[in-house]
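Please read the structure below before turning to the comments.
All of the numbers you see were taken from the coordinates with simple rules; none came from a lab. Only a predicted model underlies this, so the values are computations on that prediction, with no experimental measurement involved. Counting neighbours? That spans all protein chains shown, and the Cβs are built from the backbone with ideal geometry, glycine included.
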Amino acid sequence: MTKKLYYENSYLTNFEAEVISCEPYKEGFTVVLNETAFYPEGGGQPADEGFINEAKVSHVFIKDEVIYHVVDQALEVGSKVEGKINFERRFDFMQQHSGEHIVSGIINAKYGYNNVGFHLSSDYMTADVDGELSEAQIKEVIQIANEAVFKNVPVKATVFENDKVKDKTYRSKIELAGKVRLVEIGDYDTCACCGTHVKNAGEIGVIECINWERHRGGMRLTLLCGKRALEDYDQRLMITREIGNTLSTKTEKILEAFMKQQEELNNLKQKVASVTNDLLIFRAQDYIAKGETCIMQEGLSGDELRKLCVLMAELGNKVYLVLTQQDGSIKYALGSSKEDVRPISKALNTVFNGRGGGKPELCQGSLVGEISAIKEFMKIY
Ligand SMILES: [Zn+2]
């Protein structure tokens with residue numbers, strides 16, 4: 001059984017210990033010490049990283065109360081070593097973990113929902129609760145959570161014998177070998193937890209919920225605390241500044257300017273659609289007047305290709321083939337209001353290595369070959 005120094009002091013970064021065992025493991029070794037400040041992965045919190053002497057600690061796990069450090073170099077059994085954890089990384093986890101407790105505690109007290117999932121990694125943190133919350137409710141919860149931070153309420157972790165917590169109300173009924181470790185954060189939350197926490201809520205800095213979605217009958221909240229929240233704020237500032245510069249607008253007027261631009265864009269789209277339609281009608285009339293039945297028109301979209309062909313078939317009494325180049329291949333629309341064009345489409349596909357088909361009055365597809373050869377082929381129809 002390894003003595004857990006992180007339980008007594010979550011701020012301990014350097015410690016001395018004795019090597020109990022060192023065994024080969026994957027590409028490296030697992031080292032067991034008599035005591036350690038390295039937190040092993042568990043309770044939703046990732047393992048610590050750092051060094052034991054010169055050996056790099058890449059992972060830490062616990063099995064039957066023994067803590068194993070995964071290292072890249074062997075350490076001599078029986079020797080005294082110095083452990084050093086990456087505290088910047090650990091403190092980030094402490095900020096996130098304590099922040100999550102406050103949020104889950106407030107949701108539990110206010111709405112009776114339980115935390116049913118907790119994920120913490122170097123990139124993001126999510127907390128799942130088993131009930132639905134509205135945007136306004138989440139905002140209120142976050143506001144109260146930050147009050148706890150501003151009040152700098154103490155965070156107290158205490159290990160109790162099982163029978164001593166019978167009368168206590170706390171979240172997450174987990175017990176550790178007949179004992180329960182309770183993390184109390186002022187009046188905001190009491191929860192059984194084996195993770196590492198800050199000493200005072202003020203160290204969390206700020207708590208923010210940046211995303212929420214329905215998840216398994218409840219909600220999944222994506223939370224940011226401390227430095228992560230600050231970095232997120234910096235990034236959002238940069239984005240709004242860039243957009244503001246592009247729109248030549250002050251940050252506070254961005255949304256208004258964006259909505260106005262959207263409206264202008266929609267009006268333009270409608271205008272372009274109307275002009276394009278008029279142009280297609282004009283072209284169809286022009287081609288019919290000139291007696292053309294097989295035409296090549298550059299730059300048509302799939303929709304415009306079909307429209308032009310349908311218009312020509314409606315105006316004329318022959319079989320009409322409209323071609324356009326798209327993504328390096330020839331797209332076609334073949335139509336007639338008098339004749340079933342499907343056999344012609346089939347013949348085109350066979351001769352010009354094409355694909356496609358459709359209804360008796362309209363077929364669409366793609367062909368491979370020379371435009372002049374396709375025009376020549378169509379002369380028989
Ligand atoms: Zn916890």
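The residue among THR324, ASN162, LEU12 whose Cα reaches farthest toward the positive pole of the charge dipole of the chain, with charges on the beta-carbon of Lys, Arg, Asp and Glu, is THR324. Based on the alpha-carbon gyration tensor of region 12-53 and its eigenvalue square roots a ≥ b ≥ c, which shape applies: rounded if a/c is under 1.5, prolate if not and a/b is larger than b/c, or oblate? Because a/c hits 1.5 or more and a/b fails to exceed b/c, region 12-53 counts as oblate. Coupling constants for region 264-279 follow from the phi torsions by the Karplus curve (6.51 cos²θ - 1.76 cosθ + 1.60, θ = phi - 60°), and in residue order they are 4, 5, 5, 4, 4, 4, 5, 5, 4, 4, 5, 5, 4, 4, 4, 5 Hz; glycine and proline get x.
Excluding same-chain neighbours fewer than eight residues apart, the aspartates and glutamates reachable from LYS250 by a Cα-Cα span under 13 Å are GLU242. Please tell me which of these pairs span more than 19 angstrom C-alpha to C-alpha: LYS63/LYS84; LYS139/LYS199; LYS63/LYS179; LYS290/LYS379? In this structure, LYS63/LYS84; LYS139/LYS199 lie more than 19 Å apart at Cα. Using only the Cα atoms of region 1-91, build the gyration tensor, take square roots of its eigenvalues as a ≥ b ≥ c, and label the shape rounded, prolate or oblate: rounded if a/c is under 1.5, else prolate if a/b is larger than b/c, else oblate. Since a/c stays below 1.5, the shape of region 1-91 is classed as rounded.
Close amide H pairs (under 5 Å, H built 1.01 Å from N) link ASN152 with GLY202, residues at least 5 positions away or on another chain. Rounded to the nearest 500, the 222 nm mean residue ellipticity of the chain from helices alone is -12000 deg cm²/dmol, with -39,500 (n - 2.57) taken per DSSP H run of at least 4 residues. Residues whose amide H falls under 5 Å from that of VAL116, counting only those 5 or more places apart or on a different chain, are ASP128, VAL129, ASP130, with hydrogens built in the peptide plane. Computed from Cα atoms alone, the Kirkwood hydrodynamic radius reported for the chain is 27.0 Å.
Residue by residue, region 213-228 carries 3J(HN,Hα) couplings of 8, 5, 8, 6, x, x, 10, 10, 9, 9, 10, 10, 10, x, 4, 4 Hz when phi is fed to the Karplus relation 6.51 cos²θ - 1.76 cosθ + 1.60 (θ = phi - 60°); x denotes Gly or Pro.
Taking all Cα pairs closer than 8 Å and separated by 6 or more residues, the relative contact order of region 271-378 comes to 21 percent. Each residue of region 145-152 was assigned a 3J(HN,Hα) from its phi angle through the Karplus curve 6.51 cos²θ - 1.76 cosθ + 1.60 (θ = phi - 60°); the sequence is 4, 6, 4, 4, 5, 5, 6, 6 Hz, with glycine and proline shown as x. Can you give me the relative contact order of region 111-165 as a percent, contacts being Cα pairs under 8 Å and 6 or more apart? Rounded, it is 21 percent for region 111-165. Dipole of the chain computed with +1 at Lys/Arg Cβ and -1 at Asp/Glu Cβ about the Cα centre; of VAL341, LEU268, CYS209, farthest Cα towards the positive end is VAL341.
Taking every alpha-carbon pair under 8 Å whose residues sit at least 6 apart, region 191-240 reaches a relative contact order of 29 percent. Within region 48-147, the chymotrypsin sites (Phe, Trp or Tyr not before Pro) that combine a DSSP coil assignment with at most 15 other C-beta atoms in a 10 angstrom radius are TYR124. Charge dipole (Cα centre; +1 on Lys/Arg Cβ, -1 on Asp/Glu Cβ; no other charges) of the chain amounts to roughly 1380 debye.
Within the same chain, aspartates and glutamates fewer than 8 places from LYS338 are excluded, and of the rest, those with a Cα less than 15 Å from its Cα are GLU314, GLU361.
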